[in-house]
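The values are calculated or read from the model by the stated rules, or taken from the named source; none is laboratory data. A quick note: this is a predicted structure, and the numbers were derived from the prediction, not measured. Quick reminder, even Gly has a Cβ in these numbers, built from the backbone with ideal geometry, and neighbours come from all protein chains shown.
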């Protein structure tokens, strides 16, 4: 009787321990599954979007489409002037925001301590600015650049408005890049008697390049995708721009108009979207390549 | 260590760029003022005006017609404040806008659309009002399947909305909308993507899309079928003019442009954009 009980209790004990081992593994299994499925969903959505755009758009793309001017409200013809306007707007935006952005990032990371009141204030205002909806930037740009400064609907107004939008992203990413440079670098440079300026330009800037690239990639992405802010600043004109004072339609505005306002414009909207994605990939590649080449290599050769 | 190595070239370039930009923008503004027309306003009129502008530019070398969009209210406001030479509005002027002059360049109708698979063939004006004010919330109350109605409304400031409200004598505050949209194609896509939706859009766009396989159905209004043909004949009750708006009597280039936009020479462009040209 007693023996039987002992065997039974042993069996129970054995059972519970087996159970516990399964239960203890369960969270790990769930976590693994969750991580994998999250990654799959994200990749899946990206591939789906890309496949959809390619499937609908690839048929319309030809050399004529890339170079000709749009006709019949964009249903026919091409997107040549629109590609040129897009690149010009992006160029103005980057020419203004990169020097300003890197400069501010240097100030925040190298000349102010993270705890200082001024640094905290600037950082907080940048975070707020990064969260402002783009339509607000559009109205601001229209009021300030187009009307108050008298630039009118122009590529210049559009590029300047975009640079206001891109600056917070660029500054925060670049600042992270500077902060990730080990403090030993600064100490060693000081010990070697390097001036603060040359430490910055010769050592810290090259070392912070990964942060600058992240900022550029995010900034270019936001600038190229922008529609709301550009409708009110760089405008709707689809003529080949003669100067930066001309109004020029960006690809994003063109896609929006073709898909939301022009009956029968879908085919060219998809084709323009495909071109926009290709420009995005190309400019990102160029931006990282130039940043690496101009700044990144110096740390090895210096 | 040379100076050039200390300063990344991008900084130098950007300084040069900004200066040269400033220069060309100053030099440009004075001599383009006379030969440039700026039009802003209704997104419905914008593609039409842009195409008319392109033909006008071809006939008048050296002239530039810049068309910007943003909605009829913007067109009215910009024409008033001299921010644009000519405003565009896809509706008649209101009584409080009689300080402005309007010039009709084409006509358009507004029709009610439902999804292609919706069995409803027509709705009375009362039923449409009841659906939009939320008194009828289910298709079975108007003879359709048992499904909740998705009411698609236009955004504030759009003249399609104002005309629709005016025709049915409703206030925007009374409307119980489930979805609020902006441009015509957006409305068509919203309805085509939702079996239980009802919306209203420009007839030209709706007729084109329905003929090209987009899943929408145009409902007749007051017993008149919704078609460009019936807008042309004047039978369709919910029609609107597409107008160019000016603050004062047009002169010079603006006068020439408005005359050109109202002439026979642009009838083919008007038809290409699925609107109804003016009668001769």
*Can you confirm whether the range A:74-91 contains a residue that is free of Cβ contacts under 8 Å to residues at least 12 places away in the same chain and over 24 Å from residue A:261 (Cβ atoms)?*
no
*Do we find a residue being within 12 Å of chain B (Cβ to nearest Cβ), without any contact (Cβ under 8 Å) to a residue 40 or more places away in the chain, closer than 23 Å to residue A:122 by Cβ and in contact with a helix residue (DSSP H, G or I) (Cβ under 8 Å, 6 or more places away or on another chain) anywhere in the range A:172-187?*
no
*Taking residue A:248 and the conditions (1) free of Cβ contacts under 8 Å to residues at least 60 places away in the same chain; (2) within 30 Å of residue B:70 (Cβ to Cβ), which numbered condition does it fall short on, given that it satisfies the others?*
(1)
*asked:* Tell me whether the range A:272-282 contains one or more residues that are touching a helix residue (DSSP H, G or I) at 6+ places or on another chain (Cβ under 8 Å), in contact (Cβ under 8 Å) with a residue 40 or more places away in the chain, on the phi > 0 side of the Ramachandran plot and in the same structural domain as residue A:140 (by TED's automatic domain parsing).
replied: no
*In the range A:242-301, which helices (runs of 4 or more DSSP H) lie fully inside it and hold 2 or more residues that are modelled with pLDDT of 90 or more?*
A:251-260, A:266-291
_Within the range A:42-147, considering only helices (runs of 4 or more DSSP H) that don't extend past its boundaries, which have at least 3 residues that are assigned by TED's automatic domain parsing to the domain that holds residue A:177 and within 18 Å of residue A:158 (Cβ to Cβ)?_
A:80-106, A:134-141
*residue B:75 vs. criteria within 12 Å of the chain's Cα centre (by Cα), on the phi > 0 side of the Ramachandran plot and within 14 Å of another protein chain (Cβ to nearest Cβ)*: no
*Within the range B:210-226, work out how many residues are within 14 Å of chain A (Cβ to nearest Cβ) and either at positive phi or in contact with a helix residue (DSSP H, G or I) (Cβ under 8 Å, 6 or more places away or on another chain) (or both).*
5
*Report yes if some residue within the range A:150-162 is surrounded by fewer than 17 Cβ atoms within 10 Å (Cβ to Cβ) and in the same structural domain as residue A:91 (by TED's automatic domain parsing); otherwise report no.*
yes
*Restricting attention to the range B:218-231, does a residue exist that is within 18 Å of the chain's Cα centre (by Cα) and crowded, with 23+ Cβ neighbours inside 10 Å?*
yes
*Of these, A:149, A:107, which one is closer than 27 Å to residue B:37 by Cα and either more than 10 Å from every other protein chain (Cβ to nearest Cβ) or out of contact with any strand residue (DSSP E or B) (no Cβ under 7 Å at 6 or more places or on another chain) (or both)?*
A:149
_Whichever residue in the range B:151-169 is surrounded by fewer than 16 Cβ atoms within 10 Å (Cβ to Cβ) and on the phi < 0 side of the Ramachandran plot and, among such residues, is farthest from the other protein chains (Cβ to nearest Cβ)_ = B:166
*Residue match in the range A:207-226 (condition: more than 28 Å from residue A:291 (Cα to Cα) and buried (at least 24 other Cβ atoms within 10 Å of the Cβ))*: no
*Looking at (1) more than 16 Å from residue B:70 (Cβ to Cβ); (2) surrounded by fewer than 24 Cβ atoms within 10 Å (Cβ to Cβ); (3) away from every other protein chain (no Cβ under 11 Å), find the lone condition where residue A:134 falls short.*
(1)
*Keeping to the range A:115-147, report how many residues are over 28 Å from residue A:247 (Cβ atoms) and free of Cβ contacts under 8 Å to residues at least 12 places away in the same chain.*
11
